[in-house]
Amino acid sequence: MILLNVLDISLPIEEPVLKFLVELIIILFVPLLLNKIKVPHLIGLIIAGAVIGPNGFNILSRDSSVVVIGTTGLLYIMFLAGLEIDMGDFKRNKWKSLTFGFYTFAAPFILGFICAYYILGFSMLTSILFASLFSSHTLIAYPLVSKMGISKNRAINITVGGTVITDLVTLLVLAAVVGVAQGQAGKEFWFNLTLSILAFGLTVLLVFPLIARWFLKNVNDKISQYIFVLVMIYLAAMLAEIAGIEAIIGAFLAGLALNRLIPRTSSLMNRVEFVGNAIFIPFFLISVGMIIDFKVFFSSWETIEVAAIMMFASFFGKYIGAKATQKTFRLTKNEGVMIFGLSSGSAAATLATVMVGYNIIISETETGEPIRLLNDHVLNGSILLILISCTLSSFVSAAAARKIAEADQEDTIADKDDKEEAMLLAVNYPETVERMVNLATMIKAKANTDRIFALNVINEEKNESSVKNAEKILDEAVHTASASDVTLTPLTRYDNDVINGINNVVKEKKITDLLIALEEDKGFSASFAYNLYNGYLQNQTINVLIYHAAQPISTIKKYIVFIPPKFDTEPGFFYALLRVWNIARNSGALMEFYSSANILSILKNIIKKANIEAEFTPVEKWSDVEKTANNVDDDEGLIVLMPKRGMRSYLPQMRRFPEMLNRYFNDKNYLLIYPYTVSPEDDMEVRLVSNHSDFVEIGKLISRIFK
């Protein structure tokens with residue numbers, strides 16, 4: 001305060017620079033301090049907001065700037081929940097999410113209605129709206145859980161899906177109660193509401209992906225891509241409000257719409273998460289704290305009574321919903337606790353509902369005082385509920401997340417390939433660098449954080465301009481990788497023979513995967529085919545991946561995957577599948593497998609443990625494969641697991657495959673995976689696959705390296 005007097009600054013602070021500085025200091029130091037005592041920083045930000053807010057020391061006011069950035073943070077939480085959700089698991093668990101949504105809405109609603117109507121003596125209409133306050137929930141702890149790397153867990157997937165259902169039903173109850181209170185709830189009201197919600201949902205889920213795919217294919221500027229994402233979030237939120245539902249539903253559906261277009265390993269996803277977790281979401285938590293007024297809890301016993309009833313109905317009801325879901329679907333105890341932790345937080349829909357109910361005046365007292373649909377005691381009780389529920393949600397979710405993460409580590413098998421994987425990107429053309437690095441970050445093992453190399457071989461006889469060009473290409477590769485938080489090591493070699501230069505680095509760095517990109521306009525040229533078969537593929541201990549990118553990998557919605565018959569007998573079969581699985585899980589693209597019935601049965605068993613979106617078509621003849629490949633549509637890609645010459649699964653007809661690629665695929669994406677023919681060591685993966693003895697263990701191994 002003395003400092004403020006010296007600087008001649010009055011409270012609340014209105015000077016923009018100082019105001020923003022105070023908020024940034026809170027966002028910086030509160031998490032650092034609370035992490036040392038192992039307290040979720042979400043709680044600290046909410047409490048800090050209460051302390052500096054208008055109901056605390058009044059250092060900052062909750063003005064339009066705080067509300068705007070805070071609203072963006074709330075929309076961001078719901079957008080990230082939709083963006084990070086595994087669409088394959090989401091579809092598979094849709095009925096579980098629907099069941100959980102019913103449990104977690106009905107239990108608190110029934111308890112809340114009974115308490116309001118019979119204990120507090122509220123009217124029927126007020127009791128219904130009161131009960132809906134804590135039937136919904138806000139994923140306040142989702143960012144915390146996501147940081148622990150378990151966002152793909154089935155319990156979280158079910159909870160996220162159920163959140164949309166509960167919030168939607170709660171807001172529909174709000175719309176119905178408001179309509180009845182204002183005398184508008186006729187047939188026309190319900191018809192218009194239903195029509196507008198359907199139009200909104202179809203627009204976001206069907207039209208948004210088309211717009212986003214076109215934009216991301218044609219605009220390469222990274223800043224423009226991020227601004228586009230923000231526009232989509234706010235546009236969906238605005239359309240939701242026009243449709244008569246809360247903006248958070250629009251943000252979640254926007255996340256689902258862009259889910260397949262923003263890969264989890266991409267630089268765009270890194271930017272989206274970074275800005276949200278660094279700025280927008282902390283501002284939202286601070287803005288929530290600014291609403292809290294501790295003084296009102298001591299001004300009236302009736303406020304405390306209402307708050308106590310609200311917390312009992314909310315927490316006990318959410319516990320019943322979580323426990324019922326756990327028992328119904330035979331989830332683990334930790335997963336049941338996680339569902340309770342995530343679903344116990346109340347903020348967004350609760351705040352929206354109570355403010356609407358508080359502002360509706362149904363009559364007046366004899367002295368002219370307004371009688372509100374929800375009175376002051378309910379308003380203040382809701383604020384206390386928000387504070388305590390956010391605290392409970394953070395602690396319970398963090399504890400459950402740690403136990404789930406520990407259990408996942410115990411269930412996995414030590415995998416030497418994860419630790420020893422080393423990728424080498426042979427970068428020669430500037431136009432292929434970015435898309436090549438994007439593929440590498442998508443297919444790499446999760447444990448591989450510093451074993452990715454980019455190599456440019458310079459002819460010893462060439463001049464200084466070649467050296468500068470190599471430096472430029474390698475700098476771009478490093479920059480592209482760093483945008484995705486991936487460490488890439490640039491390498492330069494002087495050699496008159498490019499193949500010799502690459503092979504020397506392969507031996508020196510113990511490379512396991514060699515990635516080579518084809519020029520978009522040249523494709524699979526005759527000279528490259530010669531170098532491939534007589535050079536790169538001669539090394540039997542590495543996997544060689546040939547990549548042709550006609551468009552960004554994030555815009556591919558489906559891959560046609562060909563696996564030759566008998567390929568499951570090859571040493572590198574499992575390793576090649578890991579690459580395919582990583583592309584599927586990190587991009588969300590549909591994988592349409594074409595192979596023999598025996599191999600397809602193996603894939604189906606693996607999917608039971610490591611789920612991806614996939615379809616299966618049995619083929620026995622290579623001619624059937626060529627016919628299918630010729631019919632690949634726009635925004636679809638081709639992946640072929642190619643045996644090297646001399647391998648048991650190699651077919652003579654494969655010799656003309658490069659010619660077919662040049663004829664039909666110069667304007668499409670394709671990836672050829674040539675696996676190693678001699679395993680560097682007799683590792684566990686090869687034994688498992690060659691014996692086909694334990695598909696569950698294979699699935700576990702695959703799931704280890706998913707992002």
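The values are calculated or read from the model by the stated rules, or taken from the named source; none is laboratory data. Remember, predicted model here, so these are calculated numbers, not experimental data. All Cβ positions, glycine included, derive from the backbone under ideal geometry; neighbour counts span all protein chains shown. Ligands, DNA and RNA are stripped out before the accessible areas are found, and what is left, the full protein with its side chains, is counted by its heavy atoms. Shrake-Rupley method; radii C 1.70, N 1.55, O 1.52, S 1.80 Å.
Across segment 187-243, the qualifying residues are those that are of a type in the set (Val, Ile, Thr) and touching a Leu at 6+ places or on another chain (Cβ under 8 Å), and the one among them that is nearest to residue 267 (Cα to Cα) is 229. When segment 36-48 is filtered for residues that are open to solvent by 90 Å² or more (accessible area, probe 1.4 Å) and not in a loop (DSSP other than H, G, I, E, B), only 36 remains.
Cβ-Cβ distances below 7 Å connect the following pairs, each with a first residue in segment 545-564 that is polar (S, T, N, Q), a second residue that is open to solvent by less than 20 Å² (accessible area, probe 1.4 Å), and a separation of six or more residues or different chains: 551/669; 554/216; 554/261; 554/262; 554/263; 554/587; 555/216; 555/261.
A quick yes/no check of all residues on (1) buried (at least 20 other Cβ atoms within 10 Å of the Cβ); (2) farther than 17 Å from residue 143 by Cα:
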position: 212; (1), (2): yes, yes
position: 217; (1), (2): no, yes
position: 252; (1), (2): yes, no
position: 278; (1), (2): no, no
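The residue pairs whose first member lies in segment 494-514 and is buried (at least 17 other Cβ atoms within 10 Å of the Cβ), whose second member is aromatic (Phe, Trp, Tyr), and whose beta carbons are closer than 7 Å, counting only pairs six or more residues apart or on different chains, are 499/536; 514/536. The listed residues are 592, 659, and the only one of them that is part of a strand (DSSP E or B) and among the acidic types (Asp, Glu) turns out to be 592. Of all the residues in segment 321-354, those that are open to solvent by 60 Å² or more (accessible area, probe 1.4 Å) and either free of Cβ contacts under 8 Å to residues at least 24 places away in the same chain or in contact with a Leu (Cβ under 8 Å, 6 or more places away or on another chain) (or both) number 4. Looking at residue 455, is it crowded, with 17+ Cβ neighbours inside 10 Å, in a helix (DSSP H, G or I) and touching a strand residue (DSSP E or B) at 6+ places or on another chain (Cβ under 7 Å)? No. Inspect all residues belonging to segment 495-506 and state whether any of them is closer than 24 Å to residue 653 by Cα and in a loop (DSSP other than H, G, I, E, B). Checked against the condition, which is being closer than 24 Å to residue 653 by Cα and in a loop (DSSP other than H, G, I, E, B), segment 495-506 yields no hits at all.
Filtering segment 531-544 to residues that are open to solvent by less than 10 Å² (accessible area, probe 1.4 Å), in contact (Cβ under 8 Å) with a residue 60 or more places away in the chain and in a loop (DSSP other than H, G, I, E, B) leaves only 542. For segment 427-438, the set of residues classified as open to solvent by 10 Å² or more (accessible area, probe 1.4 Å) and either assigned to a helix (DSSP H, G or I) or among the small types (Gly, Ala, Ser) (or both) consists of 430, 431, 432, 434, 435, 438, listed by residue number. Anything in segment 642-676 that is of a type outside the set (S, T, N, Q), within 28 Å of the chain's Cα centre (by Cα) and open to solvent by less than 20 Å² (accessible area, probe 1.4 Å)? List them, or say none. Across segment 642-676, the qualifying residues are 670, 671, 672, 673. Would you point out the residue of segment 45-78, among those that are small (Gly, Ala, Ser) and within 25 Å of the chain's Cα centre (by Cα), that is farthest from residue 401 (Cα to Cα)? Looking at the filtered set, the residue picked out is 70.
None of 83, 33 is under 24 Å from residue 149 (Cα atoms), open to solvent by less than 10 Å² (accessible area, probe 1.4 Å) and either in a helix (DSSP H, G or I) or of a type in the set (Asp, Glu) (or both) except 83. Taking each residue of segment 270-292 that is in contact (Cβ under 8 Å) with a residue 60 or more places away in the chain and looking for partners that are of a type in the set (D, E, K, R) with beta-carbon atoms closer than 6 Å, six or more apart or interchain, yields 270/485; 290/62. Residues in segment 629-645: is at least one in contact with a strand residue (DSSP E or B) (Cβ under 7 Å, 6 or more places away or on another chain), modelled with pLDDT under 75, more than 20 Å from residue 568 (Cβ to Cβ) and assigned to a helix (DSSP H, G or I)? Yes, some residue in segment 629-645 is in contact with a strand residue (DSSP E or B) (Cβ under 7 Å, 6 or more places away or on another chain), modelled with pLDDT under 75, more than 20 Å from residue 568 (Cβ to Cβ) and assigned to a helix (DSSP H, G or I).
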